[in-house]
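J.: Can you read through this structure? Questions will come right after.
The values are calculated or read from the model by the stated rules, or taken from the named source; none is laboratory data. Keep in mind that this is a model prediction, so the values were computed, not measured. Cβ sites come from the backbone with ideal geometry, for glycine too, and all protein chains shown count toward neighbours.
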Amino acid sequence: MQRFFFLAILILLGWLTIRLSPVLTPFLLAAILAYLGNPLVTYLQRHRIGRNWGTTLVFVIVLLIFAGSIMALLPVIKHQSLLFVEYLQKYGGLLQSRLIPQLAAATGIQLDSGAVSHYATSNAQKLATWLGHGVQVALSSGSGLLTSALSIILVPVLGFYLLRDWPRLLVRIDQWIPQKHAPLIRLLSRDADTMLMAFLRGQLLVMLALGCSYAIGLSIIGLKTAILIGLIAGILSFVPYLGVISGVLMASLAMYVQTGSLLSVAWVLLVFFIGQILESMVFTPYLVGDRIGLHPVAVIFAVMAGGELFGFIGLLLALPVTAVLVALLRHFQSWYLQSPYYLGKE
């Protein structure tokens with residue numbers, strides 16, 4: 001009877017998560033901020049700084065860094081976003097007048113320039129219209145701007161209270177653990193916590209390092225939308241190959257429209273090739289290490305499944321939940337390899 005009761009609770013929680021996903025988003029983001037900031041506040045506590053003062057100090061520093069970054073990047077991002085939309089609108093004409101003849105001459109294959117350019121132009125125009133509308137709404141829509149502003153304000157406020165009371169919340173949760181299974185659950189929780197913290201910190205640092213590398217590299221070769229594309233590619237790099245593929249496509253299109261030469265696209269490919277070398281040989285080994293062990297296929301499946309099941313909340317939870325499940329599966333594997341069933345002693 002108890003098993004059915006707990007199963008019903010899990011089903012109810014899953015249903016509520018789906019129904020309340022728009023409301024839960026700022027709470028989830030606040031919980032992630034509190035989780036990441038808790039070790040730093042705990043460190044300050046060990047140096048005789050109270051929890052309230054430590055939480056306030058950490059939040060002031062983080063907010064100053066975040067606000068300074070937004071103020072510095074917002075004008076550049078706005079300018080480069082509008083410039084990229086303009087590039088998309090010009091792309092169709094250049095495709096018919098330059099790119100298709102160049103490709104036909106280089107490959108010896110006769111291409112139907114009319115059909116290709118019509119398809120590309122129509123899709124580019126749709127994308128440009130969508131991006132332009134999105135930028136216009138983001139910059140001028142009063143209701144949308146108000147909603148975003150409220151969410152931005154709500155996240156740090158919730159995060160502050162969660163971070164301040166984080167030890168109390170853990171104690172409350174610990175009190176609900178059945179005493180019979182408490183040692184095992186605490187052991188699994190510690191290992192999952194280690195895995196999750198290492199993953200989140202490492203992944204955020206890798207995304208930051210990749211975004212800066214792409215932006216610097218694209219700026220060096222003269223791309224006028226380097227910061228925008230580098231930022232997008234860095235953010236999307238939490239899914240293997242998604243960041244580099246989207247970055248190459250956007251940067252190649254922008255570079256070709258900007259210069260009108262296919263040779264300039266080779267410089268874009270070189271920048272992202274160097275970025276991938278840095279990621280595999282420098283960023284991931286030093287910032288993440290071998291503590292996570294998430295296979296790219298598992299990461300891609302987790303992100304797609306999370307987004308399909310729970311929308312934006314699922315996208316945010318997919319990789320952290322997968323990292324925790326990997327930690328739990330390692331314990332299950334160790335138990336299974338020592339079980340009488342595996343050893344054939346039954």
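J.: Out of G247, G234, I need the residue that is on the phi < 0 side of the Ramachandran plot, at pLDDT 85 or above and in contact with a Gly (Cβ under 7 Å, 6 or more places away or on another chain). Which one?
T.: From the options G247, G234, the qualifying one is G234.
J.: Could you say whether any residue in region 215-227 is closer than 28 Å to N52 by Cα and either of a type outside the set (G, A, S) or not in a helix (DSSP H, G or I) (or both)?
T.: no
J.: Please give the number of the condition Y256 fails out of (1) outside any helix (DSSP H, G or I); (2) buried (at least 18 other Cβ atoms within 10 Å of the Cβ).
T.: Going through the list (1) outside any helix (DSSP H, G or I); (2) buried (at least 18 other Cβ atoms within 10 Å of the Cβ), Y256 breaks only (1).
J.: Here's a follow-up. Residues of region 7-41 being among the hydroxyl-bearing types (S, T, Y) and either free of Cβ contacts under 8 Å to residues at least 60 places away in the same chain or more than 20 Å from F160 (Cα to Cα) (or both), which ones? Can you show your working first?
T.: The initial filter retains those residues of region 7-41 that are among the hydroxyl-bearing types (S, T, Y), namely 17, 21, 25, 35.
Listed by number, the residues that qualify are T17, S21.
J.: May I pose another question? Going by what's in this entry, would V206 be described as in a helix (DSSP H, G or I), touching an Asp or Glu at 6+ places or on another chain (Cβ under 8 Å) and modelled with pLDDT of 85 or more?
T.: yes
Conditions (1) over 22 Å from I274 (Cα atoms); (2) assigned by TED's automatic domain parsing to the domain that holds I32; (3) of a type in the set (V, I, T); (4) surrounded by 15 or more Cβ atoms within 10 Å (Cβ to Cβ), marked per residue:
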residue	(1), (2), (3), (4)
F199	yes, no, no, yes
I232	no, no, yes, yes
L236	no, no, no, yes
P240	no, no, no, yes
M250	no, no, no, yes
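J.: Further question: For region 15-42, what are the residues that are modelled with pLDDT of 75 or more and small (G, A, S)?
T.: A30, A31, A34, G37
J.: When L208 is evaluated against the numbered criteria (1) surrounded by fewer than 21 Cβ atoms within 10 Å (Cβ to Cβ); (2) within 14 Å of I274 (Cβ to Cβ), which criterion, by number, is the only one it fails?
T.: (2)
J.: Any residue that is modelled with pLDDT of 85 or more and buried (at least 18 other Cβ atoms within 10 Å of the Cβ) - is there at least one of those in region 188-197?
T.: For region 188-197, residues modelled with pLDDT of 85 or more and buried (at least 18 other Cβ atoms within 10 Å of the Cβ): absent.
Quick grid of which residues meet (1) at pLDDT below 85; (2) charged (D, E, K, R); (3) surrounded by 14 or more Cβ atoms within 10 Å (Cβ to Cβ); (4) in a helix (DSSP H, G or I):
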residue	(1), (2), (3), (4)
G54	no, no, yes, yes
A67	yes, no, no, yes
Q89	yes, no, yes, yes
L94	yes, no, yes, yes
S97	yes, no, no, yes
L111	yes, no, yes, no
S122	yes, no, no, yes
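J.: Do you know which residues across region 256-280 are within 22 Å of Q80 (Cβ to Cβ) and modelled with pLDDT under 90?
T.: Across region 256-280, the qualifying residues are Y256, V257, Q258, T259, G260, S261, S264, V265.
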